[in-house]
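Student: One structure is given below, represented as structure tokens, and several questions about it will come after.
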């Protein structure tokens, strides 16, 4: 017997994670972005990461069509950015109040104020239940000073020194 939905959610909300916004840009679909906490490193040789994207999300369509994406790791001052990209706002509204540049390697949106930005090309995608697990090979990184935005037990948190 499988675990029920609420028990599953209750367990997963106890996993502390950083907060990212996954972005992509294609000629056909334009700018796309969504908040994601399902993000992890995969390999050092070659450098690879993974993100999990709900198969109903239009950002996933752009990632899979364009075969590239960026992961912007948010800092503690970017709670509103996280909310903007997680909510029901249109893609145009999501990008309206965020300073960003096109990534040099992929053209995916790179947030000027993100703690780090990682540009990737898609090397594999696996449909797992309701989500795509997308593995990307890292093509460029940009790191900036600051502290990470954390999410734990259904709330934003900050690291305490």
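Student: Of the residues that sit in region 98-119 and are touching a helix residue (DSSP H, G or I) at 6+ places or on another chain (Cβ under 9 Å) and under 21 Å from residue 57 (Cα atoms), which one is surrounded by the fewest Cβ atoms within 10 Å (Cβ to Cβ)? First the steps, then the outcome.
Tutor: Just the residues of region 98-119 that are touching a helix residue (DSSP H, G or I) at 6+ places or on another chain (Cβ under 9 Å), to begin with: 98, 106-109, 111, 113-114.
Cutting the leftovers down to under 21 Å from residue 57 (Cα atoms) gives us 98, 106-109, 111.
On the way: 98: 20, 106: 23, 107: 16, 108: 31, 109: 24, 111: 25.
For region 98-119, the residue satisfying everything is 107.
For every residue, the table says whether it meets (1) in contact (Cβ under 8 Å) with a residue 24 or more places away in the chain; (2) part of a loop (DSSP other than H, G, I, E, B).
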site: 88; (1), (2): no, yes
site: 94; (1), (2): yes, no
site: 101; (1), (2): no, no
site: 117; (1), (2): yes, no
site: 121; (1), (2): yes, no
site: 127; (1), (2): yes, no
site: 135; (1), (2): yes, no
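Student: Scanning region 1-29 for residues that are within 17 Å of the chain's Cα centre (by Cα) and exposed (fewer than 15 other Cβ atoms within 10 Å of the Cβ), which turns out nearest to residue 155 (Cα to Cα)?
Tutor: Among residues in region 1-29 that are within 17 Å of the chain's Cα centre (by Cα) and exposed (fewer than 15 other Cβ atoms within 10 Å of the Cβ), the one nearest to residue 155 (Cα to Cα) is 16.
Student: Kindly establish whether residue 22 is over 30 Å from residue 97 (Cα atoms) and either assigned to a loop (DSSP other than H, G, I, E, B) or touching a helix residue (DSSP H, G or I) at 6+ places or on another chain (Cβ under 9 Å) (or both). Spell out the reasoning first.
Tutor: Working: over 30 Å from residue 97 (Cα atoms): no; either assigned to a loop (DSSP other than H, G, I, E, B) or touching a helix residue (DSSP H, G or I) at 6+ places or on another chain (Cβ under 9 Å) (or both): yes.
So residue 22 does not fit the description; no.
Quick note: the coordinates plus some simple rules give every number you see, no bench work behind them. Given the structure is predicted, the values throughout are model-derived calculations rather than measurements. Glycine gets a Cβ as well: all are built from the backbone with ideal geometry, and neighbour counts include every protein chain shown.
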